[in-house]
Amino acid sequence: MKEEGKNKRPKTGKELGLALCHDCHLTVFMSSEDREQFCPRCNAKVHFRKPNSISMTWAFLITSIILLFPANLLPIMKVSYMGSDELSTIMDGIIYFFKEGSYGIGLVILVASVLVPIFKVIGILMILLSIHFRWKSWLRHKTLMFRFIKFIGRWSMLDIFVIALLSALVNFGFLTTIEAAPAAPYFCGVVISTMLAAESFDTRFLWDF
C-alpha cells in the first residue's frame, strides 16, 4: 500500500477538467464532452492544449535549422572602403574584435549571434524528442530550460542591430559604407523561426504521460 502511495502522482489540470485561457489566463472548467468553449471573461476560445502545437513547433524548428547554415556560412556584412568591398561572416567579425583586443564586444556577439541561436535550436529539439519518445526524466529542468529559451529570444537580433547601427554611423558616401550582406535575411529568419517555435509550443505536453 505504501509503494502504491509513493508512485501515485497528482492529477493534472486536464484530468480535473481545468483549462487555462491563453489570453487572460483565467482557469476555466471544461467537461470532456465540450469540444469548444469560450472564456467567460475575454470570450477567447479555450483549449486544454494549444491546437497543433507540436506540429507547428516542429515546422518552425526545422525551418530555423535549415536557415542556420546560410546564416553562419554566408557573409553578413559588406564594408566598402575607397571603392574596394570586403565581405565578412559572423565569425569573421568575432575574430576581428578578439584580434583588436575588444574581447567584451567579441564575446557578446559570439554569445548572442552564435551560441544563443544554436542553444535555442538544440534545446527545443531536445524537448520535442523527449515528448516523441516519452522521456519522463528531468521534466522540471526541461520546463525551466524552455522558459529560459523564451526569455533570451529577444536578444538574438544583436548582430543585425550592430549592422544597422554601423550602417547609420559609418556612412561617408564614396569613402566608407557598411551594409547588410546575403546572410542577414537568413539570420533574421533563424531568429524569427525559433521565436515562433517557442511561442507555438505548449510546455504542458511535457507532463502528459
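The values are calculated or read from the model by the stated rules, or taken from the named source; none is laboratory data. All values reported here derive from a predicted model rather than from experimental measurement. Note: ideal-geometry Cβ built from the backbone for every residue, glycine included; neighbour counts use all protein chains shown.
Looking for something out of contact with any strand residue (DSSP E or B) (no Cβ under 9 Å at 6 or more places or on another chain), closer than 30 Å to Phe205 by Cβ and in the same structural domain as Ala71 (by TED's automatic domain parsing) - is there at least one such residue anywhere in region 100-112? Looking through region 100-112, at least one residue is out of contact with any strand residue (DSSP E or B) (no Cβ under 9 Å at 6 or more places or on another chain), closer than 30 Å to Phe205 by Cβ and in the same structural domain as Ala71 (by TED's automatic domain parsing). Within region 90-134, being polar (S, T, N, Q), touching a helix residue (DSSP H, G or I) at 6+ places or on another chain (Cβ under 7 Å) and surrounded by fewer than 18 Cβ atoms within 10 Å (Cβ to Cβ) holds for one residue alone: Ser130. Where helices (runs of 4 or more DSSP H) sit wholly within region 64-139, those with at least 2 residues that are more than 26 Å from Ser193 (Cβ to Cβ) occupy 90-99, 103-110.
Across region 99-115, the qualifying residues are those that are farther than 24 Å from Pro182 by Cβ and at pLDDT 80 or above, and the one among them that is nearest to the chain's Cα centre (by Cα) is Leu107. Out of the residues in region 159-209 meeting the condition of being surrounded by fewer than 17 Cβ atoms within 10 Å (Cβ to Cβ) and in a strand (DSSP E or B), tell me which one is modelled with the highest pLDDT. That would be Glu179. The residues in region 43-74 that are surrounded by fewer than 18 Cβ atoms within 10 Å (Cβ to Cβ), in contact (Cβ under 8 Å) with a residue 24 or more places away in the chain and farther than 29 Å from Cys21 by Cα can be counted, and the count is 4.
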